[in-house]
Each structure stands twice: as C-alpha cells, then as structure tokens.
Amino acid sequence: MEYDYAIEQGIPVLVFAIDENIELASDKVETDKSKIEKLKMFRTKAMTNRLASIWATPEDLTGKLAISIMKARTEIKRPGWQRAVDFDEASLRREIMELKNENKKLADDLKAAREEISFLTEETDIAFEDCEVKIEYHYQSQSGLRAGSLNVSLQDLFITIATEMMEVSIAEPLVEKAIKVKFLFGKRESRLADIQFVKKMLNQYRALNLVYSYWNNDNRELYWGLTNKGRKVRDDTILIRNN
C-alpha cells in the first residue's frame, strides 16, 4: 500500500489517527470483522511512526497538523520540488540565453513604447507648422560666383528630408543633397552658405521627436532616421487618400 511504499522509499509520512475513545457515527464505523482486524494492524504499525499524532476534535487536528509540518520541515532534510540534480549545465546555459534574449526584447519594446509616447511630454514652443527658415546659398553663374536665398517652411523642408528616409537612415551629406535637388534645382555648383544649416534643421526636427540619430562605428558617421511620429507626419502629407 502507499504507506509501506513511502516508508521503503524514505519518504516522510505524517500520521494522524482519531482517538479511539471518540464515538463515531454508524456510517463511519467498519462492520466487517476481517477489515476491522486489518485496520487495527495498520493503526498499530502507523502509530510507531515518530511523526504520528492522535486527535480528538477538528481544532485538535488543525493544531497538531501545523505542529507536525513545522517539525518535519526542521528535522527532515528533503530536496525541493525542483531538485538540483535534475539540472545539467547545458540546459542552464540555454535557459540563461533565453532569459537574456527575452530581456533584450523587453528592453527594445520599452524603448519603442517610450518613443511612442514621448510626444506627450515634448516641448510645445518649438516651431514647425507655419514657420519659415531662410536657405542662403552660393552658386556659380556665367558672371561668376553669386549668392541667393529663399524662404522655405519647416514643414516642407521636413517632408523633403523625410521622403528620402523610406525605411532607411541616411547621413547628413544625403540630407544636404536632397535639399539642393528640391530647392536649389538649376543652381549650378550650389552650396549652402551656412555649413551647419543641415545640422541645425535636423536638430530642430529631433527636438520635435520627428527624427532620431545614431553613430555608425563602421562608417564613422552620424546617421538620421524617422521616429514613428516622423513617419506619421510624412505619410499624412504625401499619401494619396480616397475622396
């Protein structure tokens, strides 16, 4: 039976037997003489267990159960549910790598979530709509080097740059080229008068959470790409919608 098996395997057994002086209901009393004898033999054997207790009332049983469990925990050394011997180094390493990958994914998700909601706390006094900037430039004409300028809205300038960032990040020289092709078309050998104009505009858009930057160690160059907000502003402007 289960009791004998547990004893043979060295598994601790807590025994709680009801006081024989307690009068039980007739439906809870064994009437078969052979079974009564077997129960007496089993009770006698079980009561030799040093963790055996006799109880008389439900309250008595509850108290003795708690005491026996505490006693067993302190006196009997047993492995936990997950035994150390069940592990091997390879499985531990795999689990560690899985946890590292999961941690990285959570970190990436957190970064994306922060980017998604950062516009809620961004500065509101940074110009974008209904604001123009002056592009000053030099170009080569038949009569020599000449200077010129034109006013462009920050929004139009952004759309020009953002259209070049279709799922890619680009470096500042390509940003400058896009500006020249769009706004200085036909001006031979044109160049911007302010050599930091592109940096200033990109920083303006970064403050508006429209673009982000990162350093590419391989090319030793700073690259710029669109944030989720930047893609939305671009697409809201250039996509053709159904009427």
Fill in the blank from the handout: With label points set 7 Å from each Cα along the Cα-to-Cβ direction at residue 195 and residue 136, the distance between them in nm comes to 1.5 nm
Exercise for the section: Please name which of 72, 101, 213 has its Cα lying farthest along the dipole of the chain towards the positive end, using unit charges on Cβ (Lys, Arg +1; Asp, Glu -1) and the Cα centre as origin. Expected result: 213
Practice task
About the Cα centre of the chain, how large is the charge dipole given +1 on each Lys and Arg Cβ and -1 on each Asp and Glu Cβ? Please answer in debye to the nearest 20.
Solution key: 680 debye
Handout entry: Under 30 Å from the Cα of residue 182 - lysines, other chains or at least 8 residues apart
Key = 134, 199, 200, 229, 232
Practice task
Scan the chain and report its longest stretch carrying no chymotrypsin sites (Phe, Trp or Tyr not before Pro) that are both in a DSSP loop and have at most 15 other Cβ atoms within 10 Å.
Solution key: 88-184
Problem - In degrees, nearest ten, helix 154-163 long axis to first principal axis of the chain (Cα) - result: 70 degrees
Problem - Proximal lysines relative to residue 35, as straight alpha-carbon distance under 23 Å, when same-chain residues fewer than 8 apart are discounted - result: 45
Practice task
Using a cut-off of under 16 Å, list every residue of the range 177-217 whose amide N is near the label point 7 Å from the Cα of residue 143 along the Cα-to-beta-carbon line.
Solution key: 188
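No lab work stands behind these numbers, since they all come straight from the coordinates. Predicted model only: the values in this text are computed from it and were never measured. In this analysis, Cβ positions are derived from the backbone assuming ideal geometry, glycine residues included, and neighbour counts consider all displayed protein chains.
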